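Asker: Below: one structure in structure tokens.
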Amino acid sequence: MKNKHSVLILIVILVFCTACTTTNSATSTASVTEQEEIFQQDIPVEKEINLAENNSNNSEKEAPTEDISNTTISPTSEQTESEAIEKVIVNPVENLLISAGKTPAEIKKNGTFKIPFTATVTNTEDGSPAVDFPVTVIYPKTRQNDTVTFESQELITNQEGQVSFSIPDTSFACNSFVTFKIGNDEFEKSVEIPYKVTTNRYNWGGTISILDYNKKGNPVTDNSLSASAILTSLMRKGFTGIGLADFVNEINSGKTENVYKAAYNLIGNNSSYLIFGTVKYNGEITKEGTSVTIPMIAEITCLEMKTGNELYHTVIEVEGKGNSEWAALNNARNELIGPQIAEKIIYGL
């Protein structure tokens with residue numbers, strides 16, 4: 001009996017264990033199956049998410065490309081517009097002509113021109129006057145030695161297309177031009193009218209003292225040939241009451257105060273002005289065949305005898321030519337230095 005009961009208990013235990021094992025296996029299988037299903041469902045979701053992110057990223061990356069493209073095209077468009085604008089720019093004075101009126105006669109310092117400076121603007125197509133058209137006049141304002149300072153003023157043409165201008169100040173001698181201009185810096189047309197105001201000291205009396213130097217650079221103590229040439233040229237231009245004097249050592253010192261002191265002690269106020277200076281060789285003498293060339297330089301100063309103030313200063317360079325050195329020197333002094341210095345004194349003193 002004991003053996004039968006033992007066998008029966010063993011069978012029951014085996015059946016129970018088998019049942020438990022089967023249940024666990026089924027449960028495990030179900031769990032694995034569910035996990036596989038979930039895993040299989042997750043894969044498409046991740047792919048969709050990745051694709052969406054990729055599309056989003058691609059869109060973000062493509063946007064700057066479009067902006068850059070637009071930025072690159074934009075300057076080209078602006079440049080094209082600019083070029084188009086330049087092509088349609090019209091020369092404002094292309095079909096206009098400006099012509100000068102009569103030249104006022106030369107006057108003396110502090111005088112008045114008998115007629116104004118005028119200019120006329122017309123249309124080139126039919127010759128009709130350009131009415132109410134702007135014109136710029138440029139005229140001498142001041143002068144310091146050989147440097148002229150200019151002033152400008154805006155004028156408007158009248159019914160005849162004409163502008164007229166009267167010089168406001170003639171208190172200084174000057175040899176220059178009055179200019180009438182139309183247009184702008186890019187498109188411009190202009191005419192010049194001679195402006196001549198001479199010194200008023202023609203008959204005031206003066207003294208000339210010029211120191212010549214030889215080709216070795218030494219002062220010539222004899223009578224100055226250059227001084228005589230300048231005196232002759234001034235007298236031909238209408239100067240009276242002028243003469244020569246020698247201040248060799250004082251001029252050679254290079255000090256104006258020495259020259260003025262010696263001149264004042266000699267002539268005092270008997271002269272209105274003193275013209276003094278030097279004439280020197282300005283380089284090597286050259287010979288070509290039978291022709292001789294001598295470069296020379298003249299430096300001239302004019303002083304007010306009453307005060308010692310400087311009235312005018314100038315420097316000129318010339319080249320005398322001749323078939324000998326003596327002929328070249330005469331050419332330089334009498335035909336170049338004398339006439340040129342006289343001209344400068346007339347419009348500078």
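The values are calculated or read from the model by the stated rules, or taken from the named source; none is laboratory data. Please read these numbers as outputs of a predicted model, since none were measured by experiment. Virtual Cβ from ideal backbone geometry, glycine too; neighbours counted across all protein chains shown. The protein model used for the area step is the full one, side chains on, heavy atoms only, and it has no ligands, DNA or RNA in it. Shrake-Rupley method; radii C 1.70, N 1.55, O 1.52, S 1.80 Å.
Asker: Excluding same-chain pairs closer than 8 in sequence, count the lysine pairs in the stretch 198-349 whose Cα atoms lie under 14 Å apart.
Answerer: Total qualifying Lys-Lys pairs in the stretch 198-349 comes to 5.
Asker: Also, quick follow-up: Ranked from highest to lowest mean number of other Cβ atoms within 10 Å per residue, what is the order of the peptides 210-221, 113-124?
Answerer: 113-124, 210-221
Asker: Now for a different question. Over the stretch 176-292, average the accessible area per residue using a 1.4 Å probe and give it in Å², no decimals.
Answerer: Numbers: 6190 Å² over 117 residues.
Ligands and nucleic acids excluded, the result is 53 Å² per residue.
Asker: Next question, about the same structure. Please compute the contact order of the stretch 260-299 in relative form: average sequence separation of alpha-carbon pairs under 8 Å and at least six residues apart, divided by the residue count, as a percent.
Answerer: Details: 33 pairs, mean separation 13.6, N = 40.
Once normalised by length, the contact order is 34 percent.
Asker: I'd like the distance between the alpha-carbon centres of the stretch 236-281 and the stretch 311-349, rounded to an integer number of Å.
Answerer: Distance between centres, Cα-based: 18 Å.
Asker: Here's another thing I want to ask about it. Label the stretch 182-317 by shape, choosing from rounded, prolate and oblate, from the square roots a ≥ b ≥ c of the eigenvalues of the Cα gyration tensor; if a/c is under 1.5 it is rounded, and otherwise prolate applies when a/b is larger than b/c, oblate when it is not. Working shown, then result.
Answerer: Numbers: a/c = 2.06, a/b = 1.19, b/c = 1.73.
Oblate.
Asker: Take every Cα pair under 8 Å in the stretch 236-349 that's 6+ residues apart, average their separations, divide by the length, and report that relative contact order as a whole percent.
Answerer: Values: 169 pairs, mean separation 21.7, N = 114.
Averaging sequence separation for qualifying contacts and normalising by length gives 19 percent for the stretch 236-349.
Asker: Which of the trypsin sites (Lys or Arg not before Pro) found in the stretch 244-349 are in a DSSP loop and have at most 14 neighbouring Cβ atoms, other than their own, within 10 Å?
Answerer: Values: sites: LYS255, LYS261, LYS280, LYS287, LYS306, LYS321, ARG333, LYS344; in loops: LYS255, LYS306.
Sparse-neighbourhood loop trypsin sites (Lys or Arg not before Pro): LYS255, LYS306.
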